[in-house]
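These notes concern the structure reproduced below.
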Amino acid sequence: MNVFLAVLWKDLVTEWRGRDRSVAMLVFCLLVVVVFHFALPGGATRETQELAPGLLWVAYVFAAVLGLNRAFSVELENDALTGLALVPRDRGWVFLGKAGASFVILGIVQAITALVFGLVFEIGSLGDVLPLCGIVALGSIGLCSVGTLLGAVAVRTRFREIMLPLLLLPLLMPILSGSVRATTELILNGQVPFEPVQLLIVADAVYLIASFVGFDYVLDE
Amino acid sequence: MSRSTVSARGLVKRFGHAAALRGIDLEVPEGTTLAVLGANGAGKSTLLRIVAGLARPSTGRVEVAGHPATHHEARRQVGYVGHATLLYPSLTARENLIFAARLYGLQDPGECADRALDREGLAEVAGRLAAGFSRGMAQRLSIARGLIHDPAVVLLDEPYTGLDLASAERLARRLSDLRGSHTVVWVTHDPERAARYSDAAIVLSQGRIALRAAAETLDAPSLEAALGAPDTAA
């Protein structure tokens, strides 16, 4: 637990001081909103409501890829990754700390993006906020879990900037499927069906456990 | 705290087709300081990183304090100071040490960090970001980081890198303090320092031990001769 909190604290403090990760993610998300604002018909049409969840998750996923790449590139400076590998506990706690920090940073970006998205496309209501937070949180747990594991793999490769999305996106299919379906149902019908939520919970559990265990080997040279 | 030994048996490490280590057998008794010398590319840093549990050997076995080197119980006993400083530039010197103390689960990380800063003569710059440190100051902070948990086994990879005269003397005193009470394995290019601050030495050449010098035969000229090329000595 000490290691988890230490890594979480370190990642959040360094991000607060630099803000390079969160600003890049937020700017990307807002650009996506702007681009789709021009591409989609204006007003709260049925078509917009059907497309919006997918677009929102496109923004979230690619913003997360940006952030996850950056989360490990800072560890390359001064070979700080070696310092994390030396930790005298299960290295899975390091994974949890880094994934937790990514989850917090991504969550802030997602909240601002969702607010702007809702205002620009005139979709959603106040009653949707809590269920949407739940769906986004469930999707983000899986996204940050497997993204943190693969970020640690990709950071030591030659083409790390493109390696992470190539490795990550195929594995995100269950997460994306569950998240988009649940968000679409919420926006169109005001209800969250159980089936996609169940898929998200199972995928989160699998990715969390596999990443916790696998991280020990990923940090080995 | 238990005082530990390092032992390696039949250690081989390959990177693709290239072998960095080709069958190293090594025993470092408790409380001994062992210097590791060798030309660039001889396998010194690879050996140290395997003992630190950072890399797995291709074949062979390494134990630290009776545990496989990659086990977290072995890592708890090890303090590692590498080529790079392992520091976060956007954290202050004190924050870097507090972070390290938390990773090692030390009681009162702030107090531990302050003691380590005092020991390295960095108390006055405790609140400065590590990004603004000179190479020498960063190296001293890196040493403080590596030894913050008072490890039984100390691994130092060319610790004199970037140090000015005063800092080098401080490190020499530190090595003398550690001698006898800690098991130290340190990599150096300097045969004189190796002879002065060590109980034994090995010279690596192309991944093999070319010379083992015990306490009674340890002297700078013989190490220099074993190193062969004079340009490898700092």
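Just so you know, all these numbers are worked out from the coordinates, no wet-lab data involved. Keep in mind the model is a prediction, meaning the values are calculated, not measured. With ideal geometry, Cβ positions are generated from the backbone for all residues, glycine too; neighbour counts draw on all protein chains shown.
Indicate, rounded to the nearest 5 percent, the antiparallel portion of the DSSP beta bridges found entirely in the protein assembly as shown. Show your work: numbers first, answer last.
Details: 21 of 40 bridges.
Of the beta bridges lying entirely in the protein assembly as shown, close to 50 percent run antiparallel.
What do the square roots of 5 times the Cα gyration tensor eigenvalues come to for chain B, in whole Å, largest first, as semi-axes of the equivalent ellipsoid? Please report the intermediate quantities before stating the final value.
Values: eigenvalues 161, 82, 55 Å².
Listed largest to smallest, the semi-axes of chain B are 28, 20, 17 Å.
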Residues meeting the amide H criterion for B:ARG208 (H placed from the backbone, H to H distance under 5 Å, 5 or more places apart or on another chain) are B:ARG22
Phi angles of the range A:200-208, converted by Karplus (6.51 cos²θ - 1.76 cosθ + 1.60, θ = phi - 60°) into ³J(HN,Hα) in whole Hz with x for Gly and Pro, give 5, 4, 5, 4, 4, 4, 5, 5, 5
Residue by residue through the range B:130-137, the couplings from Karplus 6.51 cos²θ - 1.76 cosθ + 1.60 with θ = phi - 60°, in Hz, x for Gly and Pro, are 5, 4, x, 7, 6, 4, x, 5
Once phi for every residue in the range B:199-208 is put through the Karplus expression 6.51 cos²θ - 1.76 cosθ + 1.60 (θ = phi - 60°), the whole-Hz ³J(HN,Hα) values, with Gly and Pro written as x, are 9, 7, 8, 10, 10, 8, 9, 6, x, 10
Mean per-residue count of partner chain Cβ within 10 Å for A:8-16 equals 3
Cα-based Debye curve of the protein assembly as shown sampled at q = 0.12 Å⁻¹ gives log₁₀ I(q)/I(0) of -0.98
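Please order B:GLU63, B:GLU169 by the number of other Cβ within 10 Å, starting at the fewest. Write down the numbers at each step before the final one.
Numbers: B:GLU63 17, B:GLU169 11.
Going from sparsest to densest Cβ surroundings: B:GLU169, B:GLU63.
Pick out, in residue order, every one of the chymotrypsin sites (Phe, Trp or Tyr not before Pro) in the range A:91-173 that is DSSP loop and has at most 11 other C-beta atoms within 10 Å; say none if there are none. Let's see the in-between values first.
On the way: sites: A:TRP93, A:PHE95, A:PHE103, A:PHE117, A:PHE121, A:PHE159; in loops: A:PHE159.
Qualifying residues, ordered by number: A:PHE159.
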Excluding residues fewer than 8 positions from A:LYS98 in its own chain, the lysines with Cα under 20 Å of it are A:LYS10
Ranked on Cβ counts within 10 Å of their own Cβ, fewest leading, A:TRP57, B:TRP186 go A:TRP57, B:TRP186
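When averaged across all projection directions, what area in nm² does the alpha-carbon convex hull of chain A cover? Before the final figure, lay out each step's value.
Working: hull surface 47.9 nm².
Across all orientations, chain A yields a mean hull projection of 12.0 nm².
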Sorted by chain and number, the residues with a modelled amide H under 5 Å from that of B:ALA19, at a separation of 5 or more or across chains, are none
Averaged over residues of B:46-58, the number of beta carbons from other chains lying within 10 Å of each residue's Cβ is 2
